Each structure stands twice: as structure tokens, then as C-alpha cells.
Amino acid sequence: METRMSPETFLSLIVFAFVTSVTPGPNNMMLFASGVNFGFRRTIPHMVGIGVGFFALLLGVGFGLGALLETVPEVYLALKLLGGAYLLFIAWKIGSARVMPEGRAGARPMTLIAAAAFQWVNPKAWVMAVTAMAVYIDATELAPGAHTRGVLLVATAFALTNFPSVSTWAGFGSVLRSWLADPVRLKWFNIVMAVLLVLSLWPMLR
């Protein structure tokens, strides 16, 4: 017999999706820095890319990738190492910036495609996706059709809450943009953001 997600459970899922999306992590630290360095409007493709990439990741985990990671833990280890290396590179790029992008040739915010691809090596994104599917989808009690609907509901909940969550961080950054136009302030802001981004690696190293 099929089991449907109750309205109460879906509301709980919405709250879970919002809280996990709005709390600090690699995506939000990068968006905060991008809001400062590039402004809100130029950061929009980065924000949309996060939503698109994470939606795809949720579908992947819900339809079998989560089980693959449990069966072949080496795959998860490779993802963690790749994601960690990329985050260190991004942290170095942010921390070494000393002027607004207008003063740096070729400087540009993260593209939609790059932001979407990053979700597949983002440790926090994997933890969120696996946890959401484990908590809100019990495949052993759902018929195949009900499981599919459940996965889509989880992905939809994150799609509804993701953009408002991440745009908050880009918005905070853009508000500080004028104040941080001073090179000394910007230098120390970027150093602090780079350190926080590196510290966000801690959960995946435990």
C-alpha cells in the first residue's frame, strides 16, 4: 500500500530545508564574498546555479546515488578530497584579493554552470541531500511510484527555500559593498572570508 507524505511532514521538511540552506557553509560564504566583490545583480547566476545543481544532486541521491556511496565509500572519499581541494583554491582566490573586481583584469563572479557543478563536490550539499532523503523518504515502506513522488517533494521543498536562503547572504554582502570599497577593509574582509571558507571544511574532515 502506498504511503503519502502528510502536510505536517512536508511543513517539517520545508523548515529543515530552509534552516540547512540558510546556515553558514561553503555556498553561503562564497555568496557573501561575491556580494561584496561583485554586487547582488552579478551574483544572481551563482545563486541560480546553486539551486539548479542542488536540485539535480537531490534527485541523484534520491534515485540511487546515496546507496552507491554506502556501497562504495571510496567514491565519497574522492568527492570529499576533490571538494576540499576546490574550496582551498577558492579560499586562496578570495583571500588574495586586495581591490574590488573593477580593478582586476578578468575578474568575474562564479557562473551558473560552475556553481551548479560545485554542488556535486560540496561536502555540506552531500550531507544535506543524504540526510533529507534518509529522514523524509523511507524506500522500504513506499511503492515505487510513491517513492518517486517523495523524492520530487523533497527536491521541491529545497527548490522553494533555496533561493530566498542564499540570496540573503549575497544581499548582506552587497549591502557592505560600499563600506568595503576601502582597500584595507576589503583586504581584511577577504582574508576573514577565506579563513571561514577553509574552516567550513571541518565537518567533512571529522
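Rundown of residues vs (1) more than 18 Å from Gly51 (Cβ to Cβ); (2) assigned to a helix (DSSP H, G or I); (3) at pLDDT 85 or above, yes/no style:
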site	(1), (2), (3)
Thr140	yes, yes, no
Ala146	yes, yes, no
Val154	no, yes, yes
Phe158	no, yes, yes
Thr161	no, yes, yes
Val166	no, yes, yes
Ser174	yes, yes, yes
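Of Phe40, Phe16, all but one fail to be touching a residue at least 24 places away in the same chain (Cβ under 8 Å) and either among the hydroxyl-bearing types (Ser, Thr, Tyr) or surrounded by fewer than 19 Cβ atoms within 10 Å (Cβ to Cβ) (or both); the exception is Phe40. Taken over segment 69-98, the criterion of being more than 20 Å from the chain's Cα centre (by Cα), more than 19 Å from Ile191 (Cβ to Cβ) and either surrounded by 13 or more Cβ atoms within 10 Å (Cβ to Cβ) or hydrophobic (A, V, I, L, M, F, W, C) (or both) is satisfied by Val72 alone.
In segment 1-89, counting only helices (runs of 4 or more DSSP H) that sit wholly within it, the ones holding 2 or more residues that are closer than 15 Å to Val154 by Cα span 7-22, 40-60.
Entry remark, segment 107-138: residues being among the β-branched types (Val, Ile, Thr), at pLDDT below 85 and not in a helix (DSSP H, G or I) number 1 in total.
The values are calculated or read from the model by the stated rules, or taken from the named source; none is laboratory data. Keep in mind that this is a model prediction, so the values were computed, not measured. Quick reminder, even Gly has a Cβ in these numbers, built from the backbone with ideal geometry, and neighbours come from all protein chains shown.
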